[in-house]
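Here's the structure, in structure tokens; my notes come after.
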Amino acid sequence: LKTHQRGAREVLRSKSPELIYQEIWGHLCCHYAIRVLMADTAEHWGHDPDRISFVAALRIARHSVAKGDFPPSRNS
């Protein structure tokens, strides 16, 4: 999470323990969602999911969110 998903220079923004747990939970949910998208994509194209780069999938997801194309459809 530190080097890829959250960014090397960012720190957790939350100030209370409850909000820190919530922020970490959000990062874990995002990580899981990207992994599910990776697995679905690999299955769709007949590839091994272990051969797909998490960093590349994260970049694609970030780009899709920035363009307003999220969630990605299977037709794109």
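The values are calculated or read from the model by the stated rules, or taken from the named source; none is laboratory data. Treat the numbers as computed from the prediction; the structure is a model and nothing was measured. FYI the Cβ positions are ideal-geometry reconstructions off the backbone, even for glycines, and counts take in every protein chain you see. These area figures cover heavy atoms from the full protein model, side chains too; ligands, DNA and RNA do not enter into them. Shrake-Rupley method; radii C 1.70, N 1.55, O 1.52, S 1.80 Å.
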With the checklist (1) open to solvent by 60 Å² or more (accessible area, probe 1.4 Å); (2) touching a helix residue (DSSP H, G or I) at 6+ places or on another chain (Cβ under 8 Å); (3) at pLDDT 90 or above in hand, flag the one item Leu1 doesn't pass. (3)
Kindly indicate the residue of region 38-69 that is part of a helix (DSSP H, G or I) and among the charged types (D, E, K, R) and also most open to solvent (accessible area, probe 1.4 Å) among those meeting that condition. Arg51
I'd like to verify a number: residues in region 13-37 that are more than 16 Å from the chain's Cα centre (by Cα) and surrounded by fewer than 13 Cβ atoms within 10 Å (Cβ to Cβ), how many? 8
